[in-house]
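A quick write-up on the structure given underneath.
The values are calculated or read from the model by the stated rules, or taken from the named source; none is laboratory data. Quick caveat, the model's predicted, so the values are computed rather than measured. Cβ placement follows ideal geometry from the backbone for every residue including glycine, while neighbour counts extend to all protein chains displayed.
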């Protein structure tokens, strides 16, 4: 259920991009395709969700390409939403990080706003 909620949130964010343009479709497809790999990295503690709405390594840097690609796409989403909302990508990322923390599975590493890491 939590994965479904996460996916709905991501899809909502992506829907904010240019009204369903080809860019949004490609972005959605990439994020969806990476979802199992990202979930595995979160589950084994290799990465955590930082307080800026991005993945961050917590252990050995395995699958660095997956993390870099995910963070690049998240950045694109945050920039598009910020432009539409008249705010900054950083604020969008921070708000997204708070939502991720609420819906994260137990055992996921999260970073609080002050920068300290904790395991949910």
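Condition (residue is out of contact with any helix residue (DSSP H, G or I) (no Cβ under 8 Å at 6 or more places or on another chain) and not in a helix (DSSP H, G or I)) applied to the range 78-85: is it met by at least one residue? No, the range 78-85 contains no residue that is out of contact with any helix residue (DSSP H, G or I) (no Cβ under 8 Å at 6 or more places or on another chain) and not in a helix (DSSP H, G or I).
For the range 79-120, the set of residues classified as in contact (Cβ under 8 Å) with a residue 40 or more places away in the chain, closer than 20 Å to residue 27 by Cβ and surrounded by 14 or more Cβ atoms within 10 Å (Cβ to Cβ) consists of 80, 81, 93, 95, 96, 97, 99, 100, listed by residue number. Looking only at residues that are in contact with a strand residue (DSSP E or B) (Cβ under 9 Å, 6 or more places away or on another chain), in a loop (DSSP other than H, G, I, E, B) and modelled with pLDDT under 95 in the range 12-60, which one is nearest to residue 112 (Cα to Cα)? If we take residues in the range 12-60 being in contact with a strand residue (DSSP E or B) (Cβ under 9 Å, 6 or more places away or on another chain), in a loop (DSSP other than H, G, I, E, B) and modelled with pLDDT under 95, then 58 is nearest to residue 112 (Cα to Cα).
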